[in-house]
Amino acid sequence: MLPPELATQLRLAFDDDRDAETFLLRLERYGPDLVESLQMVYGDRAAGLLDGLIEVMLHAFHNRPPDLRRLDEARLLRPDWLQTPDMVGYVAYTDRFAGTLQGVRGRLDYLKGLGVRYLHLMPLLKPREGENDGGYAVQDYRAVRPDLGSMDDLSALARDLHAEGMSLVLDLVLNHVAREHEWAQKARAGDPRYRAYFHVYPDRTQPDAYEATLPEVFPEFAPGNFTWDEALGGWVWTTFNTYQWDLNWANPEVFQEFVDIILYLANRGVDVFRLDAIAFLWKRLGTDCQNQPEVHWLTRALRAATRIVAPAVAFKAEAIVAPAQLIHYLGTRAHHGKVSDMAYHNSLMVQLWSSLASRDTTLFREALQAFSPKPTNTTWGMYVRCHDDIGWAISDEDAARAGLNGEAHRRFLSDFYSGVFPGTFARGLVFGFNAQTGDRRISGTAASLAGLEMALETGDEVGVSTAIARLRLLHAVILGFGGVPLLYMGDELALLNDYGFQNVPEHAADNRWVHRPQMDWALAAQAREDVNSPAGRMYAWLQKLIQARAATPHLHASVESRAVYSPDPRVLLLRRDHPLGSFVGVYNFSHEDVSFPTEVLREHLGDQAEDRLGGGRLTFARATLRLEPYRAMWLVQPA
Ligand code: GLC
């Protein structure tokens with residue numbers, strides 16, 4: 001219960017009794033969480049924050065448009081809206097996909113045709129001019145990048161999306177702002193209030209002490225984690241590029257600023273916030289300054305505040321961290337159900353490429369089996385590729401259990417995907433070479449990494465088919481895993497690497513741009529007509545996967561996918577136990593025909609199964625089942 005005096009006082013802020021009731025009920029529900037989380041982070045300073053926060057929340061509540069209030073109610077009635085098997089995401093750069101936000105509104109039919117229900121538009125808030133890390137250096141959170149449109153265009157797009165049953169996902173860059181952001185500018189002008197928004201040190205003593213245990217995110221083009229700024233007269237913390245200034249979340253004012261920003265954007269129609277680089281928020285001497293406990297309390301506080309005003313809104317954690325850490329972003333122990341609704345399954349993405357290169361799924365299985373189960377009310381973001389590089393996040397322990405040497409395997413994968421391993425099919429580029437650790441991450445589109453670029457170049461028709469088969473397999477795994485599959489723009493057409501980035505001055509040093517091509521609308525049109533072209537085969541397969549998925553309730557994200565024993569290391573088996581019956585995903589990661597013992601499948605499924613991908617019923621009468629190269633099956637127990 002809220003203290004009666006507080007409730008009486010708050011009621012005064014409302015003209016409408018029902019609105020007052022709604023706000024007070026939500027405050028009663030999430031307020032304690034907000035207060036506790038703030039106390040855990042800010043201690044005694046938390047109390048001083050509450051009045052200001054309530055004011056921010058009231059303001060946003062009053063400004064929440066009627067259509068979004070309705071969405072709040074609708075989603076409260078469907079708390080699993082991000083978990084249903086018809087939820088499919090698409091990720092695109094506004095300009096590269098459709099020119100402008102208006103342009104995106106004109107392309108919704110395309111997305112609908114594919115079955116997309118969730119659209120993540122890559123950073124589109126006003127970034128600094130020139131180099132801006134693909135928009136991840138935000139200058140103004142309340143303005144849209146001018147060449148893409150305006151805030152009103154964003155709201156209009158959100159309304160169109162909602163009318164089509166789709167949601168809008170935006171990045172919330174909360175670890176850092178651009179050096180040109182107003183806060184940084186004021187700090188540079190000598191305002192002490194804003195200097196305290198950042199981590200600034202007068203000399204190298206503290207930075208050196210931190211550097212002793214800090215990794216480097218961009219060792220080639222942004223070495224080190226601190227940047228000297230003449231105007232500040234100090235070293236400012238810059239984990240990423242020198243122009244991205246890390247915020248000081250130990251300052252409660254920073255917290256309040258972000259509540260205000262989140263609610264402002266939520267009222268513009270944003271449904272899901274991708275919490276960019278969330279792992280880095282809290283700094284602690286002697287650590288790698290990632291995954292600190294305060295990060296989870298802060299997320300929890302942000303989420304509680306958001307739910308009071310905009311319960312339709314969900315959070316997605318972008319935490320590219322070790323599996324043991326990742327699970328905390330979905331809420332373990334006291335944080336269960338109280339932090340992010342969704343997190344990227346980076347490990348699965350890495351294992352897809354690892355198994356494709358080695359034609360062996362033992363490590364895949366070991367890595368998945370080492371994962372703790374996720375809370376049932378959360379969901380994974382599944383992806384084959386994204387706009388970032390692929391880092392070989394494979395632990396030595398998992399590798400050892402699979403009979404591999406972690407270091408050697410990571411080296412093999414870098415060689416394989418950068419195209420230097422003899423016999424490789426991949427065309428990728430080395431990203432983030434770290435001379436000290438020898439680490440080499442990889443850039444490249446899914447299609448180029450899967451062999452399509454090389455096969456097309458050499459006129460190798462069989463190679464083309466094989467590359468498409470690989471891409472189809474990878475997508476079958478992510479769509480068959482449960483969670484929200486995130487399709488990266490162009491992958492539905494098997495778009496190749498775009499080497500043109502080398503000619504764009506602000507992109508040339510960062511080869512992640514090789515896998516951020518322009519949408520090819522001519523190819524998209526052709527793909528829908530010529531189903532035998534590589535793009536056509538890919539597009540048709542994705543449509544099929546998406547339809548099959550929507551018709552398979554077993555893929556609801558509340559259920560876990562478990563990697564189970566497979567007698568043939570080339571074949572991955574993923575089992576889901578749904579009340580309707582078991583589901584087994586069967587995936588041949590090799591270029592060979594495999595005779596797979598049916599006995600194992602019988603153990604999981606009984607005497608018969610339906611293949612939701614191939615169609616038809618299988619009786620496991622024979623001792624073996626033939627799996628063609630890169631074959632994927634989604635088997636369920638017949639109804
Ligand atoms: C995230 C983004 C990446 C960006 C970084 C810094 O990891 O995905 O593209 O460089 O954050 O904002």
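Some points to look at:
- Ellipsoid equivalent to segment 233-382 - semi-axes via the Cα gyration tensor, in Å: 28, 21, 14
- Available extension along the chain between Leu114 and Glu220 is 34.3 nm, counting 0.36 nm per residue and deducting the alpha carbon span.
- Here, segment 70-224 has an Rg and a Dmax of 19.6, 57 Å when only alpha carbons are counted.
- In a fully extended conformation the segment linking Leu580 and Gln102 would gain 167.8 nm over its present Cα-Cα distance, using 0.36 nm per residue.
- Solvent-accessible surface of segment 561-636, taken per residue with a 1.4 Å probe and all protein chains present: 42 Å².
- Per-residue SASA entry for Val430, accessible area with 1.4 Å probe, Å² rounded to 10: 50
- Karplus-derived HN-Hα couplings along segment 239-253 (A = 6.51, B = -1.76, C = 1.60, θ = phi - 60°), whole Hz, x at Gly and Pro: 4, 9, 8, 4, 8, 10, 8, 5, 8, 9, 6, 6, 9, x, 5
- Tail beyond 24 Å, pair distance distribution of segment 134-286 (Cα, percent): 38
- Rounded percent of accessible protein surface that carbon and sulfur make up, the chain, 1.4 Å probe: 50
- Taking 7 Å steps out from each Cα toward its Cβ at Asp593 and Ala400 produces label points 4.1 nm apart.
- Close amide H pairs (under 5 Å, H built 1.01 Å from N) link Leu625 with Phe596, Thr598, residues at least 5 positions away or on another chain.
- Mean separation of Cα contacts under 8 Å (6+ apart) over length of segment 79-149, as relative contact order %: 32
- Rounded to the nearest 10 degrees, the angle from helix 151-163 to the longest Cα principal axis of the chain is 50 degrees.
- Close lysine pairs were tallied over the chain: pairs 8 or more places apart or on different chains with Cα atoms under 26 Å apart number 10.
- Distances between placed amide hydrogens fall under 5 Å for Tyr344 paired with Ala317, Ala319, Gly381, all partners being 5 or more residues away or on another chain.
- Surface accessible to a 1.4 Å probe, per residue, for the residues of segment 182-246, Å²: 43
- Dipole in debye (nearest 20) - segment 561-636, about Cα centre, beta carbon charges: Lys, Arg +1; Asp, Glu -1: 140
- Theoretical FRET efficiency, 1/(1+(r/R0)^6), r = Cβ-Cβ of Ala435 and Asp51, R0 45 Å, to 0.05: 0.30
- Think of each Lys and Arg Cβ as +1 and each Asp and Glu Cβ as -1; about the Cα centre, that makes the dipole of the chain roughly 1360 debye.
- Heavy-atom accessible surface of segment 424-499, averaged per residue, reaches 29 Å², computed with a 1.4 Å probe.
- With K and R counted +1 and D and E -1, the other residues having a Cβ less than 12 Å from that of Ala400 yield a net charge of -4.
- Applying the Karplus relation 6.51 cos²θ - 1.76 cosθ + 1.60 with θ = phi - 60° to segment 224-230 yields 3J(HN,Hα) values of x, 10, 9, 10, 6, 10, 4 Hz, where x marks Gly and Pro.
- The calculated FRET efficiency for Glu182 paired with Ala212, based on their beta-carbon distance and R0 = 30 Å, is about 0.35.
- Across all directions, the average flat footprint of the convex hull enclosing the Cα atoms of segment 494-639 is 11.8 nm².
- Taking N as the residue count of segment 182-246, its C-alpha radius of gyration divided by 2.2 N^0.38 Å amounts to 1.08.
- Computed Rg/Rh of segment 561-636, alpha carbon atoms with Kirkwood Rh: 0.92
- Ranking His336, His345 by solvent-accessible area of protein heavy atoms (1.4 Å probe, all protein chains present), from largest to smallest, gives His336, His345.
- Distant-in-sequence amide H partners of His176 (H built 1.01 Å from N, under 5 Å): Leu247
- Folded to 0 to 90 degrees: helix 47-63 orientation relative to the chain principal axis, Cα: 70
- Per-residue Karplus couplings for segment 601-618, computed as 6.51 cos²θ - 1.76 cosθ + 1.60 with θ equal to phi - 60°, are listed in order as 5, 4, 4, 8, 10, x, 6, 9, 8, 9, 9, 6, 9, x, x, x, 10, 10 Hz, Gly and Pro entered as x.
- Label zone (His62, point 7 Å along Cα-to-C-beta; backbone nitrogen cut-off 20 Å) within segment 26-46: 26-28.
- Sites Glu253 and Thr376 - FRET efficiency at Förster radius 35 Å, r taken between beta-carbons, to 0.05: 0.45
- Antiparallel DSSP beta bridges within the chain, as percent of all bridges there, nearest 5: 60
- Dimensions of the chain along the principal axes, based on C-alpha atoms and rounded to the nearest Å, stand at 74, 55, 47, largest first.
- Mean projection area, nm², convex hull over Cα of segment 438-559: 10.0
- Cα-based convex hull volume of segment 132-193 per residue, rounded to whole Å³: 110
- Reduced Cα scattering model of segment 436-499, Debye log10 I(q)/I(0), q = 0.16, 0.21, 0.29 Å⁻¹: -0.60, -0.87, -1.22
The values are calculated or read from the model by the stated rules, or taken from the named source; none is laboratory data. Fair warning: this is a prediction, and the values are worked out from it, not measured in the lab. Backbone-built Cβ (ideal geometry, glycine too); neighbour counts: all protein chains shown. Quick note on the areas: whole protein, heavy atoms, side chains included, nothing else; ligands and nucleic acids left out. Shrake-Rupley method; radii C 1.70, N 1.55, O 1.52, S 1.80 Å.
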